[in-house]
Amino acid sequence: MGLIHAERLHVLIPISTRTIEGNLDSSIRAPRRHREELASFVHRPRFKRVLYNPPDEYDPPFSTNLAALESIIGTLDIEDDPYVQALREQLAKVAPNSNAQARIDQKLSKVILKQNSFTHKGLRDFARTASDICYDLGVWAADWYVGTVVEQARRMANPYNRFIPNWKDAEKAYLLSILDQVVITPSSLHPDDIVEDSSDKVRALVECLLAEKADAESHNESYSGLIFVTRRDAVITLAELLSHHPLTANLFHIGCLLGTSDNYQRHSFLDITRTLLKQSQEETLMDFKIGERNLIVSTSVAEEGIDIQACGSVIRWDPPQNMASWAQSRGRARRKRSTFTLMFEDGGVQQKDVAQWECLERQMIQLYTDNERRVSMKYDQDAYGEHDEEELEYRVESTQ
């Protein structure tokens with residue numbers, strides 16, 4: 001969603017509403033009868049903001065395992081990749097100046113130019129994701145993520161593993177030869193190390209979680225929370241960090257939701273992180289429902305479309321990308337006493353977007369609760385005259 005100046009909102013909202021009503025020959029209205037009674041069953045959460053400080057740009061966090069990975073990636077030569085070598089072999093076997101030669105040559109040139117073979121692109125994506133995690137969650141999280149994915153990739157690269165069927169054995173062997181060069185330092189599980197090597201954003205989240213849990217229990221309510229995170233790998237890593245953080249490890253029983261896509265035909269190296277989940281989506285939701293788990297870290301899959309009970313606390317680790325995401329995630333906080341918390345980088349621009357969405361929402365509510373608002377309908381009953389239902393006859397022309 002692009003930026004919209006506040007002074008223009010009062011113009012755009014009525015136009016959009018009239019467009020929808022006109023296209024559907026309908027009128028957007030809130031219920032008039034029993035409105036107060038209906039409202040008593042709708043619990044709008046309290047909106048809260050949590051600010052955190054970004055990492056120091058002059059002293060950025062340093063992950064030992066990420067540095068080791070990036071060092072090895074920097075030495076790679078695309079000509080050593082089995083996929084490139086296989087294309088060269090195919091090119092040598094086809095007839096000169098044939099369509100097959102042109103097609104293979106084009107594919108080979110593209111791979112070399114973009115360096116986007118399965119292994120090379122996958123490793124670059126891996127390093128970039130680890131770098132984002134290091135910035136967002138801190139050094140401990142990045143070290144754990146790199147070490148865990150490398151270990152998992154080694155298992156997945158076993159010739160007998162068919163997690164990704166179109167992952168060739170030669171590519172697996174090539175990947176293993178690269179990963180064996182990455183020197184992994186095990187992540188410390190000492191409480192002080194975890195706290196010290198976590199970002200200020202993690203600190204702010206932990207403080208928020210503790211405050212929300214204490215508030216719920218002060219009103220004799222059990223705590224149930226949902227944290228929305230944009231990136232799949234960050235979901236897994238944040239859940240792991242909170243499971244070991246000394247202030248949250250014994251208070252929160254955490255589950256993860258990533259979605260239910262089981263398309264193993266995708267050619268993506270980081271698909272292996274899906275195998276890090278300890279429970280299925282159904283098991284996680286059931287545990288949450290019966291109280292075995294009181295906190296879920298989820299991608300946008302939990303915003304809509306799945307059966308998840310009302311939460312007392314919804315926290316957005318990443319700001320919503322649009323108004324729909326903002327409204328849907330907030331809608332998960334449906335308990336009578338609930339909160340909806342957005343985390344913002346201090347000095348960031350996302351707060352302006354949310355302020356605009358709040359303004360948009362207020363104007364939409366004002367429109368559909370305005371009983372005096374007249375709607376220009378495409379269907380005019382007077383133009384057709386009044387008919388009893390029994391007099392109406394619908395005739396379908398023969399198709400023969």
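A few points about this structure:
- Residue satisfying all of: in region 52-72; touching a residue at least 24 places away in the same chain (Cβ under 8 Å) and aromatic (Phe, Trp, Tyr); farthest from residue 187 (Cα to Cα) among these: 52
- Residue check for residue 283: free of Cβ contacts under 8 Å to residues at least 60 places away in the same chain, acidic (Asp, Glu), more than 21 Å from residue 321 (Cβ to Cβ) and in contact with a Phe, Trp or Tyr (Cβ under 7 Å, 6 or more places away or on another chain): no
- At least 1 residues being of a type outside the set (A, V, I, L, M, F, W, C), at positive phi and free of Cβ contacts under 8 Å to residues at least 24 places away in the same chain is the threshold, and among the helices (runs of 4 or more DSSP H) wholly inside region 181-278 not one reaches it.
- Matching option when the condition is in contact (Cβ under 8 Å) with a residue 60 or more places away in the chain and on the phi > 0 side of the Ramachandran plot, among 147, 122, 138: 138
- One residue from 238, 209, 205 being in the same structural domain as residue 284 (by TED's automatic domain parsing) and closer than 20 Å to residue 279 by Cβ: 238
- Filter result (at pLDDT below 75 and part of a loop (DSSP other than H, G, I, E, B)) within region 294-321: 303, 304, 305, 306, 307, 308, 309, 310
- Matching residues in region 322-333 - criterion: being modelled with pLDDT under 65 and over 13 Å from the mean Cα position of the chain (by Cα): 333
- Enumeration of residues in region 98-126 that are within 20 Å of the chain's Cα centre (by Cα) and either surrounded by 16 or more Cβ atoms within 10 Å (Cβ to Cβ) or within 16 Å of residue 84 (Cα to Cα) (or both): 122, 126
The values are calculated or read from the model by the stated rules, or taken from the named source; none is laboratory data. Small disclaimer: the values here were computed from a predicted structure and weren't measured. Cβ coordinates were reconstructed from backbone atoms using ideal geometry, including for glycine residues, and neighbour counts include every protein chain displayed.
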